[in-house]
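Engineer: Handing you this structure, nothing more for now.
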Amino acid sequence: MALEMLLKRLGLSTVERVLPQMLPLAEKQQWSYSQLLECLLSEEVAHRSETRVNNHIARAKFPFEATIETFDFTFRSDLKRQMLGRFLGPELVSDNRSLILEGPPGTGKTHLCISIAYKAIQNGFMARFTTAAALINELKVAGDLNGALKPYVQPHVLIIDEMGYLGYGSGAADVLFQVVDQRYLKGKPILFTTNKALKHWGRVLHDEELARAIIDRTLHHGEYLKLDGPSYRLKGRTLDLETGTPKSNKEAAKQLTDDKEVSDQ
Ligand code: ADP
Ligand code: MG
């Protein structure tokens, strides 16, 4: 059939796929020509956009899938969805809105950064996830630094996760500064997560001045948000650091009473 050939030639594979079911439906329901055309092309566009989003999510290398819709704001009473609104639209990229999310483990920092990058992908941008340790280790040993920087400078949005979880050896500040500076010059945002207060970044990176320059560039158009409170991973439980077992708060309270009874005896 000539139509099939033409659709193939134009790469309209979704139109080709849905046409056999849609034609009889259009006849039965007496759609106008323009209605049928619109329906077919909408299917093509929707499918292409889904494929693009899926490809870009795979290329972003997120460690897990997370969206703002699955983030439980009732658990995080210190954080309102409105506070994140400015990072969830296209202004994230057009206004170079970087973010530094600080907080203890399990407060949802990584989840939130992935959610922001996920929205950016849905908004037509490209994103990339990395950890500070992986980024620094890769760049420190790169023979061709400019080539190695490319995957971290090109995407519209870059997540640098877990800044400060490890002590980085010498040279860490230099390579991290390269990433931050090149992105800053191109007006591209970075989303950092960290467990360390900004004043300690100098110690983590063994270079107070470069750490300051990194923070200065990131916060020029960006924001610093501090999360606090219990870990979502332990939700309503307390971690017993002696045995490594999480206990419910009730159990923890009982344990305290038992311990007290034992010591009272
Ligand atoms: P952090 O990076 O602060 O250590 P994560 O973002 O890795 O914490 O969160 C730990 C786990 O708990 C993840 O699986 C994440 O999806 C989930 N999580 C954390 N906070 C929330 C929340 N408020 N609502 C839903 N899931 C959450
Ligand atoms: Mg994390």
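Each reported figure results from applying straightforward, stated rules to the coordinates on display, with no laboratory input. In this text, all values refer to a predicted model and were calculated from it rather than measured experimentally. Using ideal geometry, Cβ is built from the backbone for each residue, glycine included, and neighbour counts are taken over all protein chains shown.
Engineer: Within 10 Å of each residue's Cβ, count the other Cβ atoms and sort Asp72, Asp207 from fewest upward.
Structural biologist: Result, fewest neighbours first: Asp72, Asp207.
Engineer: Near Ile160, within a Cβ-to-Cβ distance under 11 Å, what is the net charge of the other residues, with Lys and Arg +1 and Asp and Glu -1?
Structural biologist: 0
Engineer: For the chain, which longest stretch is free of loop sites, where a loop site is one of the GluC sites (Glu not before Pro) that DSSP puts outside H, G, I, E and B and that has at most 15 other Cβ atoms within 10 Å?
Structural biologist: Working: sites that count: Glu65, Glu242.
That gives 66-241 as the longest site-free run.
Engineer: Between region 74-124 and region 30-47, how many Å separate their Cα centres?
Structural biologist: Taking the Cα centre of region 30-47 as reference, the centre of region 74-124 is 36 Å away.
Engineer: Provide the FRET efficiency to the nearest 0.05 for the Lys235-Ala197 pair, computing r from the beta carbons and using R0 = 25 Å.
Structural biologist: Computed FRET efficiency for Lys235 and Ala197: 0.45.
Engineer: While we're here: Using θ = phi - 60° and the Karplus relation 6.51 cos²θ - 1.76 cosθ + 1.60, list the HN-Hα couplings for region 215-230 in order, rounded to whole Hz, with x at every Gly or Pro.
Structural biologist: 5, 4, 5, 5, 8, 4, 10, x, 9, 10, 10, 10, 9, 9, x, x
Engineer: In the neighborhood of Asn54, defined by Cβ-to-Cβ distances under 12 Å, what is the net charge if each Lys or Arg adds +1 and each Asp or Glu adds -1?
Structural biologist: Summing Lys/Arg as +1 and Asp/Glu as -1 gives +1.
Engineer: Share of antiparallel DSSP beta bridges in the chain, in percent to the nearest 5?
Structural biologist: Bridges in the chain are about 20 percent antiparallel.
Engineer: Kirkwood hydrodynamic radius (Cα pairs, Å) of the chain?
Structural biologist: Numbers: mean 1/r = 0.0458 Å⁻¹.
This gives a value of 21.9 Å.
Engineer: Residue-wise, which Karplus ³J(HN,Hα) couplings in Hz belong to region 179-190, taking 6.51 cos²θ - 1.76 cosθ + 1.60, θ = phi - 60°, and x for glycine or proline?
Structural biologist: 3J(HN,Hα) across region 179-190, in whole Hz: 5, 5, 5, 4, 5, 4, 5, 8, x, 10, x, 10.
Engineer: Still on this structure, please answer the following. Could you sort 115-123, 128-136, 6-14 so that the peptide with the highest average Cβ count within 10 Å comes first and the rest follow in order?
Structural biologist: Averaged packing, sorted descending, gives the order 115-123, 128-136, 6-14.
Engineer: Would you please give the residues with an amide H less than 5 Å from that of Leu227, counting only those at least 5 places away or on a separate chain, with H modeled from the backbone geometry?
Structural biologist: Result for Leu227 returns Glu102, Gly103.
Engineer: Continuing with the same structure: Under the Karplus relation 6.51 cos²θ - 1.76 cosθ + 1.60, θ = phi - 60°, what is the ordered set of whole-Hz ³J(HN,Hα) values for region 200-205, x standing for Gly and Pro?
Structural biologist: Karplus values, whole Hz, x for Gly and Pro: 9, 4, x, 5, 4, 9.
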